[in-house]
Amino acid sequence: PNSQECILQLDVWSVHQFVQFHTWLDKHYPWIKDCFVPGGCTGIAHPCNVGIQCQFKLAAKWVQHTNIIEESLEFLQ
């Protein structure tokens with residue numbers, strides 16, 4: 001129903017704390033209520049962040065690291 005609200009749990013990450021972000025969220029998605037997960041509690045409040053997304057994040061870091069190494073080696077040659 002139109003009156004139903006949802007909760008968006010956010011890490012205490014700098015971009016999530018910007019006033020501009022909250023203004024945008026309130027303007028475009030007024031039914032979404034945000035709340036912050038205290039630092040150090042991500043594994044408890046966001047189990048997917050630790051389990052499922054962790055694998056994706058590790059793969060992304062590996063690709064970025066590989067690109068940096070390749071670019072550095074090309075620059076040195």
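The values are calculated or read from the model by the stated rules, or taken from the named source; none is laboratory data. Nothing here was measured: the structure is a model prediction, and the numbers come from that model. Quick reminder, even Gly has a Cβ in these numbers, built from the backbone with ideal geometry, and neighbours come from all protein chains shown.
Listed values, structure above:
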{"quantity": "Entirely in the chain, the helices (runs of 4 or more DSSP H) that have 1 or more residues that are more than 13 Å from the chain's Cα centre (by Cα)", "calculated": "19-28, 42-45, 47-50, 52-76"}
{"quantity": "Filter result for the condition that a residue is farther than 24 Å from Val19 by Cβ, modelled with pLDDT under 95 and among the hydrophobic types (A, V, I, L, M, F, W, C), over Phe75, Phe36", "calculated": "Phe75"}
{"quantity": "Flag for Thr42 being among the β-branched types (Val, Ile, Thr) and touching a strand residue (DSSP E or B) at 6+ places or on another chain (Cβ under 9 Å)", "calculated": "yes"}
{"quantity": "Among (1) surrounded by 12 or more Cβ atoms within 10 Å (Cβ to Cβ); (2) at pLDDT 80 or above; (3) not β-branched (Val, Ile, Thr) - the single one His46 does not satisfy", "calculated": "(2)"}
